[in-house]
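A quick write-up on the structure given underneath.
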Amino acid sequence: MARTQAPDYEQRRAAIVETAAGIYAGRGFAAASVADLAAALGASKSLIYHYYPSKEEILFEVMDSHLRSLTEALDTVMALDLEPAEKLREIARAFMRLYVGAAARHKVLLNELGSLPAARRAEIVRRQRRLIAAVQDLLVEIQPKLRTRPQLQRPAAMLFFGMINWTHTWFREGGPASAGEVADLAADLALKGLEGL
């Protein structure tokens, strides 16, 4: 007879991932153990393994859940009836909102990709490349001159991400600039820089 799933199964999995994100972001994946995670949750190691087969699978879920949120935000913006420049601004705003709400997951994504097994790492890289390609295509729409300089298309997209991806290292909610203002600044720098091409 198949074992029935507990009613709070998904909530427990989410709690494991959220707690793991904080631990991995603070200590680094290699220095954190399943025992550390179990202690932080007030649970047993066997309970953790009931929900996830390995520490690496938890790491994958930390990264993948963050990328799923980013992809959903991107798809929502891309479906809007907006000019390309305004879509870029809305993407910056949406991503900044997510970065602020998931700073630990974002830090883990940026710093621990090499800790994943090769197949899982390839899945994460595929998701990241989809986000980058969408922004790259948008930048080409905004500045058609990039079509004649294909070698600069990917660097332009990566520079845009570079402006917002590392905000977790210095941005503080409640500080002098809001997440929306930082997003608008990044969009303005990208858009006005594109005008100069």
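Every number here is computed from the coordinates shown, using simple stated rules; none is lab data. All values derive from a computational prediction rather than experimental measurement. A quick note on method: Cβ atoms are made from the backbone with ideal geometry, for glycine too, and the neighbour counts reach across all protein chains shown.
Between Asp184 and Ser46, residue separation times 0.36 nm minus the direct Cα-Cα distance comes to 45.1 nm.
Spatially, region 86-125 and region 3-48 are offset by 20 Å when compared through their Cα centroids.
Taken as Cα centroids, region 57-83 and region 148-172 sit 17 Å apart, rounded to the nearest whole angstrom. Ranking Ala102, Pro53, Leu88 by Cα position along the charge dipole of the chain, where only Lys, Arg, Asp and Glu carry charges on their C-beta atoms, puts Pro53 farthest toward the positive end. Here the contact order of the chain, divided by its residue count and restricted to Cα pairs under 8 Å and six or more residues apart, works out to 23 percent.
If you take all other residues with their beta carbon under 13 Å from the beta carbon of Ala103, and give Lys and Arg +1 and Asp and Glu -1, the sum is +2. Taking Lys192 as the anchor, which lysines have their alpha carbon closer than 25 Å to its alpha carbon, excluding any fewer than eight residues away along the same chain? Those lysines meeting the cut-off are Lys87, Lys145.
For a straight C-alpha distance cut-off of 14 angstrom, the aspartates and glutamates reachable from Lys45 (same-chain residues fewer than eight places away being disregarded) are Asp36.
Positive contributions from Lys and Arg (+1) and negative ones from Asp and Glu (-1), summed over other residues with Cβ under 11 Å from the Cβ of Gly28, come out at +1. Only Lys, Arg, Asp and Glu carry charge here, each on its Cβ (+1 for the first two, -1 for the last two); on that basis the chain has a dipole of about 620 debye about its Cα centre. Ranking of Leu191, Leu185 by neighbouring Cβ atoms within 10 Å, starting from the fewest: Leu185, Leu191.
Extending 7 Å from Cα along the Cβ direction at Arg126 and again at Arg147 yields two label points whose distance is 3.1 nm. Dividing the mean sequence gap of close Cα pairs (under 8 Å, 6+ apart) by how many residues region 110-197 holds gives a relative contact order of 24 percent.
Spin-label model, Met78/Arg97: points 7 Å from Cα along the beta carbon direction are separated by 1.9 nm. Counting charges near Ala85 (Lys, Arg +1; Asp, Glu -1) among other residues having Cβ under 15 Å from its Cβ returns a value of -4. Restricting the calculation to Cα atoms, region 57-195 shows an Rg/Rh of 0.97 when the hydrodynamic-style radius is the Kirkwood one.
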